[in-house]
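**Student:** I am attaching a structure below and will ask some questions about it afterwards.
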Amino acid sequence: MSDSLPRHTRVLVIGAGFAGLGMAIKLDEAGFGDFLVVDKGDDVGGTWRDNTYPGAACDVPSQLYSFSFALNPDWSRSFSPQPEIQAYLRKVAADFQVLDRFRFGVEVRDAAWDEEAQQWQVSTSAGDLTADALVNASGALSEPKLPDIAGIEDFTGEVFHSSRWDHHTDLTGKRVAVIGTGASAIQIVPEVAERAAHLDVYQRTAPWVMPRGDRAYRRLERFAFRHVPGVQRAYRTGIYWGRECFVPAFTVNPKLAAPARKMALANIERGISDPALREKVTPHFEIGCKRILISNDYYPALDRPDVDLVTDPITEVTPTGIRTADGSLRDVDVLIVATGFHTTDMPIAAHLKGRDGRTLADAWRESGMTAYKGTTVNGFPNLFFIVGPNTGLGHSSMVFIIESQITYIRGALQAMGERGISALEPRADAQAAWTADVQRRMRRTVWSTGGCASWYLDDHGRNTTLWPRTTFKFRELLRRFDIEAYDALPRMSSTKETAA
Ligand code: NAP
């Protein structure tokens with residue numbers, strides 16, 4: 001797998017997480033021998049390779065958090081811990097025998113569309129190559145977002161982001177600070193509280209936290225998943241439809257989430273005894289506006305005498321501590337920033353140059369991130385996104401979305417081969433109509449009306465990350481590659497025509 005890069009590949013896939021691995025398997029299955037998957041990391045897994053913080057686990061049920069074509073009867077729990085998901089992905093990669101097409105430790109630096117050659121010219125840390133098509137499977141939650149806090153670069157203790165956990169740092173007996181109270185932080189806090197001498201948790205906005213209905217699978221269940229035909233698939237289907245029932249509460253009427261709100265408030269009562277602390281952790285926005293978190297041990301951890309929840313805004317990080325707006329200075333040995341990821345400004349967009357030489361970041365500067373069916377972009381021929389704009393979910397498994405996009409992209413690549421097309425891009429009007437429809441539907445969602453700021457929204461307040469409909473609608477819309485929405489340039493021709 002350390003082989004050098006070829007000079008040309010038919011399909012270059014960027015990223016070896018769920019999306020890149022799934023794409024590789026489905027390309028292989030369709031007889032596309034000539035493809036390559038590159039990843040800057042040293043293994044498959046993507047976010048599940050990178051997020052190794054203590055307590056890392058999936059908050060989507062394990063049964064749904066796997067490929068439909070590679071169910072895993074061996075999940076130990078209803079919500080899988082990170083090492084199990086990573087092991088699952090490694091096993092799938094080996095079972096489907098695609099790893100010979102993967103190159104690890106290769107970072108894509110730039111890619112530019114060459115209109116004359118009808119190819120992508122790609123520059124990587126391991127050399128240059130050309131590709132007929134590019135599939136960006138680098139993920140929406142891969143680039144850490146560091147907080148812009150005065151003095152943080154002069155902090156003299158250990159400091160690291162939640163997704164770049166420093167396993168060499170021993171937290172035992174230390175004064176630790178965690179900045180952030182999102183999905184990552186609430187898993188980290190109970191673990192760190194166990195080891196540190198003292199933990200300060202810096203909360204800017206109190207999140208909604210539901211109980212985590214996690215349990216170990218019984219032996220009999222696992223036996224049935226493995227040996228009784230249909231059992232695991234039926235179980236998975238039941239979970240799928242159960243999750244889908246949440247969609248109206250997010251997209252039609254937030255009042256439908258009243259039972260969830262009640263459960264989350266009861267979770268506070270159950271986990272925290274101190275009334276003042278209860279008040280501090282009670283959110284002041286509609287449940288669902290930000291991602292709903294799940295935990296049974298976050299609130300009890302905050303309730304410990306050796307843990308403080310700090311809600312005064314941070315004004316600066318000094319070389320040895322954190323100062324807040326009330327003037328307090330708290331000493332810190334280890335600073336853990338669990339402040340999320342670059343989501344609405346997709347960093348790779350600055351490195352992709354389209355037909356007219358503009359970068360994708362420039363093309364998106366005014367409009368915000370937009371792509372036809374969350375997958376293709378006008379002006380950027382033969383470029384495909386998995387987990388592109390407006391494909392994210394707040395309630396179910398991204399693997400379902402990923403598989404839907406893989407089917408669509410494979411259809412596009414097959415159409416190119418069968419029809420002799422060298423360049424394919426969505427028509428501007430098709431992309432505009434798709435985006436207008438998504439944004440119209442977005443207006444009444446809880447993400448727009450729920451009274452919160454979140455990583456779902458860009459600097460203009462537009463939600464360019466989430467899908468505002470059911471997941472089965474998304475799948476239906478991407479089931480067939482709709483070439484009539486595309487401009488297609490036949491091979492060996494210089495005139496652009498609409499391939500209908
Ligand atoms: P996140 O949800 O974006 O949370 C970041 C946290 O940091 C928020 O509490 C935010 O406060 C706070 N923050 C950011 N900048 C700050 C600053 N300058 N000062 C103080 N606080 C600041 O990030 P995340 O927790 O890493 O989660 C990201 C996404 O990854 C999740 O929504 C989820 O989709 C996924 N994830 C999933 C799992 C799982 O399946 N178990 C686990 C982890 C992550 P505000 O709320 O005020 O902005």
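The values are calculated or read from the model by the stated rules, or taken from the named source; none is laboratory data. Every value quoted in this text rests on a predicted model; they were computed, and no experiment measured them. Glycine also receives a Cβ, built like all others from the backbone with ideal geometry; neighbour counts cover every protein chain displayed.
**Student:** Could you please tell me which pairs satisfy a Cβ distance under 6 Å, a separation of 6+ or placement on different chains, a first residue in the range 448-461 that is part of a loop (DSSP other than H, G, I, E, B), and a second residue that is buried (at least 18 other Cβ atoms within 10 Å of the Cβ) and hydroxyl-bearing (Ser, Thr, Tyr)?
**Tutor:** Trp455/Thr343; Tyr456/Thr465; Asp458/Thr344; Asp458/Thr464
**Student:** Moving on to the next point. Please determine whether any residue of the range 123-139 is crowded, with 18+ Cβ neighbours inside 10 Å, within 30 Å of Val201 (Cβ to Cβ) and modelled with pLDDT under 95.
**Tutor:** Yes - at least one qualifying residue is present in the range 123-139.
**Student:** Looking only at the range 318-339, which residues are away from the ligand (no atom under 16 Å from the Cβ) and either of a type in the set (D, E, K, R) or not in a loop (DSSP other than H, G, I, E, B) (or both)?
**Tutor:** Hits for the range 318-339 are Leu329, Asp331, Asp333, Val334.
**Student:** Consider Ala500 carefully, then state whether it is at pLDDT 95 or above, surrounded by fewer than 23 Cβ atoms within 10 Å (Cβ to Cβ) and either of a type in the set (A, V, I, L, M) or not assigned by TED's automatic domain parsing to the domain that holds Ala349 (or both).
**Tutor:** Details: at pLDDT 95 or above: no; surrounded by fewer than 23 Cβ atoms within 10 Å (Cβ to Cβ): yes; either of a type in the set (A, V, I, L, M) or not assigned by TED's automatic domain parsing to the domain that holds Ala349 (or both): yes.
Here the answer is no, as Ala500 does not meet what is asked.
**Student:** If we scan the range 324-338, do we find a residue that is among the hydroxyl-bearing types (Ser, Thr, Tyr), on the phi < 0 side of the Ramachandran plot and not assigned by TED's automatic domain parsing to the domain that holds Phe250?
**Tutor:** No.
**Student:** Please tell me if Val231 is more than 30 Å from Thr169 (Cβ to Cβ), among the β-branched types (Val, Ile, Thr) and surrounded by 13 or more Cβ atoms within 10 Å (Cβ to Cβ).
**Tutor:** Here the answer is yes, as Val231 does meet what is asked.
**Student:** Related question: Do we have Phe79 as touching a Pro at 6+ places or on another chain (Cβ under 8 Å), touching a residue at least 40 places away in the same chain (Cβ under 8 Å), surrounded by fewer than 23 Cβ atoms within 10 Å (Cβ to Cβ) and not basic (Lys, Arg) here?
**Tutor:** The answer is yes for Phe79.
**Student:** Could I ask something else about it? For the range 171-209: of the residues being among the hydroxyl-bearing types (Ser, Thr, Tyr) and surrounded by fewer than 23 Cβ atoms within 10 Å (Cβ to Cβ), which is nearest to the ligand (Cβ to nearest atom)?
**Tutor:** This residue is Thr205.
**Student:** Just one of (1) within 16 Å of the ligand (Cβ to nearest atom); (2) among the acidic types (Asp, Glu); (3) out of contact with any helix residue (DSSP H, G or I) (no Cβ under 8 Å at 6 or more places or on another chain); (4) more than 30 Å from Asp306 (Cβ to Cβ) trips up Glu143, so point out which.
**Tutor:** Result: Glu143 passes all but (3).
**Student:** Of these, Asp297, Asp274, Asp312, which one is more than 12 Å from the ligand (Cβ to nearest atom), of a type outside the set (A, V, I, L, M) and farther than 25 Å from Asp59 by Cα?
**Tutor:** Step by step, each of Asp297, Asp274, Asp312 is checked, and only Asp274 is more than 12 Å from the ligand (Cβ to nearest atom), of a type outside the set (A, V, I, L, M) and farther than 25 Å from Asp59 by Cα.
**Student:** Here are Ala350, Ala301: which of them is under 20 Å from the mean Cα position of the chain (by Cα), surrounded by 13 or more Cβ atoms within 10 Å (Cβ to Cβ) and either free of Cβ contacts under 8 Å to residues at least 40 places away in the same chain or not assigned by TED's automatic domain parsing to the domain that holds Lys40 (or both)?
**Tutor:** Being under 20 Å from the mean Cα position of the chain (by Cα), surrounded by 13 or more Cβ atoms within 10 Å (Cβ to Cβ) and either free of Cβ contacts under 8 Å to residues at least 40 places away in the same chain or not assigned by TED's automatic domain parsing to the domain that holds Lys40 (or both) holds for just one of Ala350, Ala301, which is Ala350.
**Student:** Further question: Check off (1) touching a Lys or Arg at 6+ places or on another chain (Cβ under 9 Å); (2) at pLDDT 95 or above for Ser162 and give me the number that stays unchecked.
**Tutor:** (1)
**Student:** Given the conditions (1) surrounded by 12 or more Cβ atoms within 10 Å (Cβ to Cβ); (2) in contact (Cβ under 8 Å) with a residue 12 or more places away in the chain, and given that Ala224 satisfies all but one, which numbered condition is not satisfied?
**Tutor:** Answer for Ala224: the failing condition is (2).
**Student:** Filter the range 349-382 down to the residues that are on the phi < 0 side of the Ramachandran plot and of a type in the set (Lys, Arg) and list them by number.
**Tutor:** Once the filter is applied, which keeps residues that are on the phi < 0 side of the Ramachandran plot and of a type in the set (Lys, Arg), the range 349-382 yields Lys353, Arg355, Arg358, Arg365.
**Student:** Looking at Val337, is it in contact (Cβ under 8 Å) with a residue 12 or more places away in the chain, more than 18 Å from Thr205 (Cα to Cα) and surrounded by 21 or more Cβ atoms within 10 Å (Cβ to Cβ)?
**Tutor:** no
**Student:** In the range 313-323, is there at least one residue being under 30 Å from Thr47 (Cβ atoms), in the same structural domain as Asp114 (by TED's automatic domain parsing) and surrounded by fewer than 16 Cβ atoms within 10 Å (Cβ to Cβ)?
**Tutor:** Checking the range 313-323: not a single residue is under 30 Å from Thr47 (Cβ atoms), in the same structural domain as Asp114 (by TED's automatic domain parsing) and surrounded by fewer than 16 Cβ atoms within 10 Å (Cβ to Cβ).
**Student:** Follow-up question, since we're still on this one. Which one of Arg212, Arg243 is within 16 Å of the ligand (Cβ to nearest atom) and part of a helix (DSSP H, G or I)?
**Tutor:** Only one candidate qualifies: Arg243.
**Student:** Okay, moving on. Take Gly388 and tell me if it is assigned by TED's automatic domain parsing to the domain that holds Gly22, in contact (Cβ under 8 Å) with a residue 12 or more places away in the chain and over 29 Å from Thr205 (Cα atoms). If you could, list the steps in order and put the result at the bottom.
**Tutor:** On the way: assigned by TED's automatic domain parsing to the domain that holds Gly22: yes; in contact (Cβ under 8 Å) with a residue 12 or more places away in the chain: yes; over 29 Å from Thr205 (Cα atoms): no.
Taking the combined requirement at face value, the residue does not satisfy it.
**Student:** Given the criteria within 21 Å of Leu277 (Cβ to Cβ) and either over 22 Å from the mean Cα position of the chain (by Cα) or part of a helix (DSSP H, G or I) (or both), does Val178 qualify? Let's see the steps before the verdict.
**Tutor:** On the way: within 21 Å of Leu277 (Cβ to Cβ): yes; either over 22 Å from the mean Cα position of the chain (by Cα) or part of a helix (DSSP H, G or I) (or both): no.
Considered against the rule, which asks whether it is within 21 Å of Leu277 (Cβ to Cβ) and either over 22 Å from the mean Cα position of the chain (by Cα) or part of a helix (DSSP H, G or I) (or both), Val178 comes out as no.
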